[in-house]
Structure formats: C-alpha cells, structure tokens
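Trainee: Provided herewith is a single structure, encoded as structure tokens, for subsequent inquiry.
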C-alpha cells in the first residue's frame, strides 16, 4: 500500500534525538550580573510600555514601591533564549523554530534593581501535529523556574516551541501573501497614535480596581503597538540582556553527562550559532547578525525559512500581554497566571491591537488573593488573530 504524503513527511521529521530527553533537566545560560535600572528602562522602552513606575525616577520614588521596579515581563529579559531554551532540545536536521505560546505563573515577588535571576530548566513534553505551515510539526514544551539571589521563587514559564522542516514550510508558502508591506495614510497613523495615547492615559497613575468594582463582561482599554518595523524589532531584541556581548555563561546539570549546552539543534545553513568563533568575534553568537534570529530583521533571510518578511518575537508578544494586564491591575495588582497561544507573528509594517474582557471573578483562589479572569486577544489591522489567551489577575479586595 503506498504511503500518504503526511506519512512521507513524518518520516523526514527525525525525532530520534528527542524522545529520551523528555522530563530531564537542561543546562543553559546564566547572566553574570544583576538587573540594573538601565536594564529595566531599556526593556520597557523596547516594549513601548511607558508605565512611569518602571522608568521615571521621580514618579517611582513617590509610589508605594519607593523607587523603580521591573515589570513582571522582565523575567523573560533576565533569562536566556527568550525562555524557549528547554523547549528546544535535541537535534532535528533541516529544521527551524518559531514560538508557539507561553504559560506563566508569578509568585508575588517584584523584581527590583539588584536582583539576579537564577534559572532551573526542564524539557516537559512534545507532540507532532499536522500544520498548514509545514506539514508534520513538532510542538515541544519546556519549563523554566526562576529564583532570585536569595532563593525566592519569582516565576515559572512553560514555553512552547514549534520546530518544523524548513523545506516543507517553503513548499507550502503559507506566509507568501505577507511579503508586501502595508500602506498607511497619515490619517490612519494619527488614529493609531491616538489609540496609543488613550491607553497610556487610561491608568498612568497606577490605580488598582477593587474586586467588588470589577464587573464580568467589562472591557479593558485597548492597547495598540506599531506599526512594527525593522527598527522596533531590533530594539526589542537588543533589550534581552543575553544579547549583550559576554553577558552570560553556560552551566550544565550537576552529575549529568549530557547537559544539552551548545547543542547542535539541526538548524539549516546560515542560521547556526558558532560558539567557537564567538570567542573571538561575538557576532557569531549574536543572533541577528548571524544565527537563528536573522530572519526577524532580514526579509531575504526570512524567506529561507518560510517567512518572507520581517517579523516579531514570540516572547515579546507574551510580554505585551503581561504588561497590558499589569497596567490595568495597577500598583496593588499582579498578574498571577496567564496562558497565551501564538497564532501568527507580528509582521513588519503591521499594527497589533490588544484587547481584554473580564470573564469571571474568584473571591477565593489557590493564591490566597481575589482573582479576576480576563480573556486576551491580539489582532492586526486586518483583524487577523495573532494571540489568544486567558489570565488570572490579582486585584485588591
């Protein structure tokens, strides 16, 4: 009996280096130095998140925090590999990776200047799913637990990677229609800027809605980001501290022969990282100049992996959602749990709209605080869905 196309494709998705790694700890990178105020300011600037408690010294000193604090999304900037490292283990020849989603748990600690996060990483699980993008595709999940220098539990993220065969994605050409940049009129750009400013002013003071005041069905103020550009994508990438030359070192798993550091993931030619070369020329491990992130800011390189236009980062979209929810929750609130599924990248020239709706309220919760459940959706100017997710946000009683 002849085999189907899917079966033929599946045979080429070599998972022989994946199965035996499930459930095991992973080695990885650790930043040498603690978080600084300039790191926080650079991060919120890159994410276009002008909450003054994260960058304005005078405002922050007068707040309940007594000084600048980091946004909750900063946990991903203080990690290595945008949080997806434990979801990318083992070698798949001829492959590339995009982000599929993130699930976060935040345990109450607010990151401040002087904190240094130390990560523990574990490969959680995987599955193979048929996709329109690239046929048989590996969806892998990995967990990263972050503690600060005192051992205080800060956060946990379960990241989903999408690993696919580059040739299959190029053959299918799902994103072929996205190769052209959209055109924006001055009037349309004015509307985008007006929406951005309205969102900024919606809670610049950091007031927190009290539990009794929140109503099911309530719509959160709309946030807008963009139009995205090569400049904005580059600014985002450079705000991840791992991308500063010499900012981190590699650590293995104690007592483990195969720590999975500096591994060959099977990237296609032109997207690999040259760790030996980087000891002399750091650009070899830079990511944008050379390496797996080059397609984000170079449409020609993106076309080589099936995405023929500059596009944004999954970890950035996850951070947009966290910041959006935290801004609404104010200084007395906190995002406790969120799960965001990434449906499509944010492309160069597009605008991203972030909307939220209160779907439920829980006076008692496992966290010991009142929680408000919020549905989150991100769309572009054409209404295409980029992200769908849900979160539980702490608010004062």
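Just so it is clear, none of the values below were taken in a lab; they were calculated from the coordinates. None of the values given here were measured: they were computed from a predicted structure. Virtual Cβ from ideal backbone geometry, glycine too; neighbours counted across all protein chains shown.
Trainee: On the first, second and third principal axes, largest extent first, how far apart are the outermost C-alpha atoms of the chain in Å?
Mentor: Principal-axis extents of the chain (Cα, largest first): 64, 54, 44 Å.
Trainee: With the chain treated as a Gaussian network of Cα nodes joined by springs under 10 Å, which of 372, 253, 157 yields the largest mean-square fluctuation?
Mentor: 253
Trainee: For segment 38-114, what is the Kirkwood estimate of the hydrodynamic radius, computed as the reciprocal of the mean inverse distance between distinct Cα atoms, to one decimal in Å? Walk me through the numbers before you get to the answer.
Mentor: On the way: mean 1/r = 0.0686 Å⁻¹.
So the Kirkwood estimate lands at 14.6 Å.
Trainee: Sorted by average packing, counted as other Cβ atoms within 10 angstrom per residue and highest first, what order do 281-288, 358-365, 115-122 take?
Mentor: 115-122, 281-288, 358-365
Trainee: While we're here: May I have the convex hull volume per residue, in Å³, for the Cα set of segment 320-376? Don't skip to the end; give the middle numbers.
Mentor: Numbers: hull volume 5.0 nm³, N = 57.
Per residue, the Cα convex hull of segment 320-376 comes to 88 Å³.
Trainee: For the chain, take the longest principal axis of its alpha carbons; what is the angle in degrees between that and the long axis of helix 314-329, to the nearest 10 within 0 to 90?
Mentor: 10 degrees
Trainee: Let me ask something else. Provide the FRET efficiency to the nearest 0.05 for the residue 257-residue 341 pair, computing r from the beta carbons and using R0 = 25 Å.
Mentor: Details: r = 35 Å, r/R0 = 1.42.
The formula returns an efficiency of 0.10 here.
Trainee: Which order do 21, 163 fall in if you start with the one that has the fewest other Cβ atoms within 10 Å?
Mentor: Values: 21 19, 163 25.
Ranking 21, 163 by Cβ neighbours within 10 Å, fewest first, gives 21, 163.
Trainee: Please determine, in degrees from 0 to 90 and to the nearest 10, the orientation of helix 37-46 with respect to the longest principal axis defined by the Cα atoms of the chain, where the helix direction is its Cα long axis.
Mentor: Helix 37-46 and the main axis of the chain meet at about 70 degrees.
Trainee: For every helix of n ≥ 4 consecutive DSSP H residues, a contribution of -39,500 (n - 2.57) applies; sum these over the chain, divide by its total residues, and give [θ] at 222 nm rounded to the nearest 500 deg cm²/dmol.
Mentor: Numbers: 10 runs with 87 residues, N = 397.
Helix contribution divided over all residues of the chain: -6000 deg cm²/dmol.
Trainee: Further, regarding this structure: For residue 361, put the label point 7 Å out on the Cα→Cβ axis and report which residues of segment 373-397 keep their amide N under 17 Å from it.
Mentor: 373-375, 392-397
Trainee: Taking the highest mean first, how do the peptides 57-68, 321-332, 263-274, 300-311 order by number of other beta carbon atoms within 10 angstrom per residue?
Mentor: Taking the mean over residues of other Cβ atoms within 10 Å, the ranking is 321-332, 300-311, 263-274, 57-68.
Trainee: Could you state the principal axis extents of the C-alpha atoms in segment 19-73, from the largest down, to the nearest angstrom?
Mentor: Sorted largest first, the three principal extents are 53, 22, 19 Å.
Trainee: From zero outward in steps of 5 Å, how is the percent of C-alpha pairs of segment 126-234 spread across the bins?
Mentor: Per 5 Å bin, starting at 0, the Cα pair percentages come out as 2, 8, 9, 9, 10, 15, 16, 16, 11, 4, 1.
Trainee: Taking the chain as a Gaussian network, Cα atoms linked when under 10 Å apart, which of 236, 218, 167 shows the biggest mean-square fluctuation?
Mentor: 218
Trainee: Would you look at the GNM of the chain, springs on alpha carbons closer than 10 Å, and say which of 280, 200, 162 moves the most?
Mentor: It is 280.
Trainee: Can you sort 88, 26 by how many other beta carbons sit within 10 Å, fewest first?
Mentor: 88, 26
Trainee: Let's test this: bin the Cα-Cα distances of segment 165-324 at 10 Å from zero up to the farthest pair and state each bin's percent.
Mentor: Percent of Cα pairs in each bin: 8, 25, 29, 20, 14, 3, 0.
Trainee: Now a separate question. Treat segment 240-361 as a sphere of radius equal to its Kirkwood radius over Cα pairs and apply Stokes-Einstein at 25 °C in a medium of 0.890 mPa s; give the translational diffusion coefficient in µm²/s, rounded to a whole number. Working shown, then result.
Mentor: Numbers: Rh = 17.6 Å.
It comes out at roughly 139 µm²/s.
Trainee: Report the rotationally averaged projected area of segment 219-296 based on its alpha-carbon convex hull, in square nanometres. List each step's numbers first, then the result.
Mentor: Details: hull surface 34.4 nm².
The number I arrive at for segment 219-296 is 8.6 nm².
Trainee: Another question about this same structure. Can you give the Kirkwood hydrodynamic radius for segment 190-241, in Å, rounded to one decimal and based on Cα pairs? Each step should come with its number before you reach the end.
Mentor: Working: mean 1/r = 0.0726 Å⁻¹.
In segment 190-241 this quantity evaluates to 13.8 Å.
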